[in-house]
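Below: one structure, written as structure tokens.
FYI, it's all coordinate maths here, none of it is from the lab. All of these numbers come straight from a predicted model, not from anything done at the bench. Backbone-built Cβ (ideal geometry, glycine too); neighbour counts: all protein chains shown.
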Amino acid sequence: MKKYKFFALAFATLALGACSNDDIVDQQGGSTVNPGEQGYISVALNLPTQPTSRANDAYDDGLPVEYKVNDATLLLFKGTSEALATFAGAYELDVTGFADKAPADDNITSTATLVREITKPSTTGNENIYALVVVNDNGKLTVANETASLGGVALTGKTFSDFAEQVLTTNADELTADGFFMSNAPLSNVSGGTTATAAPTATVTTLAVIDPDNIYTTIAEASSNPAANIYVERAVAKVTVNATDADKVTGGNPALAGYEVTGWTFNVANTKTYAVRNVEGADWWAFTRTGATDYRFLGNVPVAENLYRTYWGYDPNYNTYTAADFTVKSGDELDNTTLLGFGENNPGYCLENTFDIANQIENRTTAVVVKAKLKVTGAENDGTFYTVNGNTSTIYQKAGVENLVKTRIMDWLNANKATYIESGTVDGDDLVVMLSNATTDKGGIITVTSVVLPEEAATGITFVDGQNLEALNEAFATQVANLVNGGTNPLVISYYKNGYAYYDIKIQHFGDEQTPWAQDGQDGYTTAADFLGRYGALRNNWYDITVTGIKNIGSASVPDVTNKWDDPEDNYIAVSINILSWAKRTQNADL
């Protein structure tokens, strides 16, 4: 099931206001105003209910906090086209009329009627007046004297294309701190979906065209004659994770007897975004996978007459990669107190992260990391266990790992004994092995820090002339370095502290339903029509992930991300993803 929801901002019954209704004295009569004069327009900000007929067009309400309106700003542009329209004024809106209501059954949850006086922009020839509304700007937009700046950059003289491509370096916490940042949603004039009989030719617009004749000298006329309709969407993506514990797992690692899920967080989170979803120059609207008729980038249920939702966009690093653009937690051990909980009441939010098929790669794909405490046969009493060289079928306790190291060192010593020892014997039990977790006590990949033969264990040994215990221990150190740094037969030791393991789940946008992956023989994403959007996190989409089972032992710390394709050769977690738009996309996962 996939569901999508947008906010409708209709210039109809809710007027834009820097003053409250109590401050307004209505006038009788009135008419439209001339360019440069003061006039009134009306706007209705509401959450619409919509029917659904395809996966992309399903809806879900979410939480009341996700609907709260604390502030709103109207930005006007004028020009002969949307992209080239230049900034023409900014007006803060009075939103005190909004009431907090709990969402229910996808019906309108909050609405208000306000009026705003504006200065009518002057236009020439075939120029239009365009409108953009930003809700809950969270300090990213500053307005004064009908001018504005976005992220500290003045909008005066800027085109809408400039505005749409201005990068905000931020995070989801900043964009949701004082209400959810929202702005206009790009909408198509034609539908896609499974009912399309031919590839659609879509014109997608973000700004709403204002009828200049619907800017009036009186409040009454403005209220009864809407100037335009605007639909806004949240600037962040939403993720929830569902999981249940299990006593045992069938069909997986026989050493894995059960697990307890403890929480989750994000990995590879984007740190850059746009204030409005950027689709300028996009060519994906008619894409469909080979043999299908599902034009997945367009909706099929109208938001309004001849207006349909769109399901992709550019982010600032869409076709380029800079590691510093992403917050990566790979290799970390996560404190349970910092993790998010499970279920729809414990959502997490992240910035939009989209990419072309050439960049559909692990180290630039936002993922969810699930932490679980495993019940593993052969573990220590507190659940701690070790694996070596990625082999999860053999479980070690600490003593077992130390014995493995001792065996490696003794193999070397037996082959080189004549160089160091004239008489006497060294037993493996005499060696003292130190592992790196003995001092740091952090789960993850650990190393052998030292192997020594203590002085008390060397009393019966006679060394070859020129050799001594110090020289032998130095030789042991060289062998330890070979074990740690590679050599011909390295030891890569994974330390599962208290039995905790981590599982990586990359967020699927269209996923297996609309962009199926041929797991056997597939090498990379060959065509955008088949695979674009298979992975990614799009603003205003709700990705609902369900862990359906754990099949194998995961990583001892947050899994490393690589420059490999997103689709793994091995998958240790079973998941299902449902995407609702809000929008919500659900994904099941067997770990």
Looking only at the stretch 380-406, which residues have a backbone nitrogen under 16 Å from a spot 7 Å from the Cα of ASN482 in the C-beta direction? 405-406
Ordering 317-327, 534-544 by per-residue average of other C-beta atoms within 10 angstrom, highest first, gives 534-544, 317-327
Sorted by packing (mean other beta-carbon atoms within 10 Å per residue), highest first, where do 62-74, 146-158 land? 62-74, 146-158
Show me the ranking of peptides 354-364, 128-138 by mean Cβ neighbours inside 10 Å, starting with the highest. 128-138, 354-364
What is the dipole size for the stretch 425-493, taken about its Cα centre, with +1 at each Lys and Arg Cβ and -1 at each Asp and Glu Cβ, in debye to the nearest 20? 420
Row for the stretch 209-311, column shape: gyration tensor on C-alpha, a ≥ b ≥ c, rounded if a/c < 1.5 i.e. under 1.5, prolate if a/b over b/c, else oblate; value prolate
Note on the stretch 312-416: alpha-carbon gyration tensor, axes a ≥ b ≥ c; rule is a/c under 1.5 for rounded, else prolate if a/b larger than b/c, else oblate; result oblate
What shape does the stretch 115-231 take by its C-alpha gyration tensor, where a ≥ b ≥ c are the square roots of the eigenvalues and a/c under 1.5 counts as rounded, a/b above b/c as prolate, and the rest as oblate? oblate
Could you pull out the pairs from LYS417/LYS497; LYS140/LYS329; LYS78/LYS506; LYS417/LYS442; LYS238/LYS442 whose alpha carbons sit more than 32 Å apart here? LYS417/LYS497; LYS78/LYS506; LYS417/LYS442
